[in-house]
Amino acid sequence: MTNRLELAGVISKGPVRRQSPAGIPHCHFVLEHRSTQVEADLPRQVFCRLSVVASGQVSTQQTQNLALGSHIKVSGFLAYQTSRQGEGKLVLHADNIIDI
């Protein structure tokens, strides 16, 4: 089954770097996307915010220069994450991050 997403935007929250109890580095941030897309042959303004996590080598190598306001393109897979308060959300687990 396919689970692949590529999204470009601006970092609107974070990045926050942490390490898991197992010693794996993680970088969490929120990506904000705005664009015009064509739907039913009409232009449509699109806006979304998506939580992103980069782990392991991706976190170490590709997030070192990220800052609030960075323009980037992220690709990876989507997974559902439940917080300690029981709130669920989709999170993009990045395996590639590039500056644009």
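The values are calculated or read from the model by the stated rules, or taken from the named source; none is laboratory data. Treat the numbers as computed from the prediction; the structure is a model and nothing was measured. With ideal geometry, Cβ positions are generated from the backbone for all residues, glycine too; neighbour counts draw on all protein chains shown. The area values use the complete protein model at the heavy-atom level, side chains included, leaving out ligands, DNA and RNA. Shrake-Rupley method; radii C 1.70, N 1.55, O 1.52, S 1.80 Å.
The charge dipole of the chain, taken about the Cα centre with unit charges on the Cβ atoms of Lys, Arg (+1) and Asp, Glu (-1), comes to about 320 debye, rounded to the nearest 20.
For region 51-100, the relative contact order is 49 percent, taking Cα pairs closer than 8 Å that sit 6 or more residues apart in sequence and dividing their mean separation by the residue count.
Please work out the C-alpha center-to-center distance from region 1-23 to region 27-100 and express it in whole Å. About 6 Å separates the Cα centre of region 1-23 from the one of region 27-100.
Surface composition of the chain: carbon and sulfur atoms hold 51% of the protein heavy-atom accessible area at a 1.4 Å probe. Among the trypsin sites (Lys or Arg not before Pro) in region 1-63, those placed in a DSSP loop whose Cβ has at most 16 other Cβ atoms within 10 Å are Arg4. Accessible surface calculations at 1.4 Å, restricted to protein heavy atoms, place the chain at 69 Å² per residue.
Take every pair of alpha-carbon atoms less than 8 Å apart whose residues are at least six positions apart; their mean separation over the length of the chain yields a relative contact order of 30 percent. The largest-to-smallest principal axis extents of the Cα set in the chain are 50, 32, 28 Å.
Which loop GluC sites (Glu not before Pro) in region 4-100, with loop taken from DSSP, have no more than 15 other Cβ atoms within 10 angstrom of their Cβ? The qualifying sites are Glu87. Relative contact order, whole percent, for region 15-57 stands at 39, derived from Cα pairs under 8 Å and 6 or more residues apart.
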